[in-house]
Amino acid sequence: MQQLDYDRLPAHVAIIMDGNGRWAKARGMARTAGHVKGTEVAHQIIEDAARIGLKYLTLYTFSTENWNRPIEEVERLMELLFDNIEEETLMKNNLSFTVIGDMNRLPERVRTRLQECIDHTAANTGMRLCLALSYSSKWEMTRAVQAIAREVRDGSLDPEQIGEETIEAHLNSTLSGMPDPDLLVRTGGEQRISNYLLWQCAYAELYFTPVFWPDFNRAELEKAIVEYQQRERRYGKTSEQLTK
């Protein structure tokens, strides 16, 4: 594998942490055991990403569709979330913290803990960590359209003035201070983006790995970044235009 080029790191990496349940099933364990292990891995990857020098990291932690899972599994996931929101880790690594998603659906004690971490890390200057919780792109874009419609109704926005920038300005991720991802990583072998940052990933590089999330580590993260660095990002232009 080629060496990581620290001068050409993606500024923002988004990860779909998939494969916890299948990892556990392959070992004859309950699905919740996979989520416990996946939570441990998430903590380590957050620290690894900060040490590598990433500026932004977004983890797809719980989707709106995940509310449809068995109630016992959802309750366990909420318990894990509450138990593993570690402000000490965030402060130790100088990380600022934010959340995107429908926070109103989360248990009150979880919302309170999340907001405390957001407030207490606001002045930190290191990597910005974002958790996508109770999140889906369709939910996010629907909310953005509703907000824009209200502004048009109230007379503060002319419909003819609505452009891409208008929509972007109303996205939950933009309001949370997150730029578009440069690299989207999905673990677990599936090759889809599952209603995740659909608008924001219009020009992200996509990287799919068969490695289940509980087996993901710094070497796998660096492998994904090296693959990203080997690609040519043209944004609709030709290779010749980029070299001029």
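For the stretch 22-50, the set of residues classified as over 22 Å from Asn66 (Cα atoms) and free of Cβ contacts under 8 Å to residues at least 12 places away in the same chain consists of Arg27, Gly28, listed by residue number. Within the stretch 124-138, residues that are at negative phi and free of Cβ contacts under 8 Å to residues at least 60 places away in the same chain reach partners that are surrounded by fewer than 22 Cβ atoms within 10 Å (Cβ to Cβ) and among the hydroxyl-bearing types (Ser, Thr, Tyr) with beta carbons closer than 6 Å, at six or more positions or on different chains, in the pairs Asn124/Ser96. Tell me which of these Arg31 doesn't satisfy, since it passes every other one: (1) of a type outside the set (A, V, I, L, M, F, W, C); (2) closer than 30 Å to Leu4 by Cβ; (3) open to solvent by 40 Å² or more (accessible area, probe 1.4 Å); (4) modelled with pLDDT under 95. All conditions are met except number (2). Looking at the stretch 159-172, can you tell me whether even one residue there is of a type outside the set (D, E, K, R) and closer than 30 Å to Gly34 by Cα? Yes, some residue in the stretch 159-172 is of a type outside the set (D, E, K, R) and closer than 30 Å to Gly34 by Cα. Total residues in the stretch 130-148 satisfying the condition of being surrounded by 15 or more Cβ atoms within 10 Å (Cβ to Cβ) and of a type in the set (S, T, N, Q): the figure is 3.
Of the residues contained in the stretch 198-217, one or more are found to be under 27 Å from His35 (Cα atoms), modelled with pLDDT of 95 or more and charged (D, E, K, R).
In the stretch 60-93, how many are closer than 20 Å to Asp119 by Cβ and open to solvent by less than 50 Å² (accessible area, probe 1.4 Å)? The number of residues fulfilling the criteria is 7. Somewhere in the stretch 63-74, is a residue hydrophobic (A, V, I, L, M, F, W, C), out of contact with any Ser or Thr (no Cβ under 8 Å at 6 or more places or on another chain) and within 24 Å of Thr89 (Cβ to Cβ)? No, the stretch 63-74 contains no residue that is hydrophobic (A, V, I, L, M, F, W, C), out of contact with any Ser or Thr (no Cβ under 8 Å at 6 or more places or on another chain) and within 24 Å of Thr89 (Cβ to Cβ). Of the residues in the stretch 149-158, not one is in contact (Cβ under 8 Å) with a residue 12 or more places away in the chain, part of a helix (DSSP H, G or I) and surrounded by 13 or more Cβ atoms within 10 Å (Cβ to Cβ).
The rows are residues; the columns are (1) touching a residue at least 60 places away in the same chain (Cβ under 8 Å); (2) open to solvent by less than 60 Å² (accessible area, probe 1.4 Å); (3) not basic (Lys, Arg).
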site: Pro181; (1), (2), (3): yes, yes, yes
site: Arg186; (1), (2), (3): yes, yes, no
site: Gln191; (1), (2), (3): no, no, yes
site: Leu198; (1), (2), (3): yes, no, yes
site: Tyr203; (1), (2), (3): no, no, yes
site: Pro214; (1), (2), (3): yes, yes, yes
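Screening the candidates Ala14, Ala26 for the property of being surrounded by fewer than 19 Cβ atoms within 10 Å (Cβ to Cβ) and among the small types (Gly, Ala, Ser) yields one hit, Ala26. Of everything listed in (1) surrounded by 20 or more Cβ atoms within 10 Å (Cβ to Cβ); (2) touching a Gly at 6+ places or on another chain (Cβ under 6 Å); (3) farther than 17 Å from His12 by Cα, the single unmet condition for Gly101 is (2).
The values are calculated or read from the model by the stated rules, or taken from the named source; none is laboratory data. Keep in mind that what you see is a predicted model, and the values were worked out from it rather than measured. Here Cβ is always computed from backbone atoms with ideal geometry, including for glycine, and neighbour counts include all displayed protein chains. Note: areas computed on protein heavy atoms with side chains; ligands, DNA, RNA excluded. Shrake-Rupley method; radii C 1.70, N 1.55, O 1.52, S 1.80 Å.
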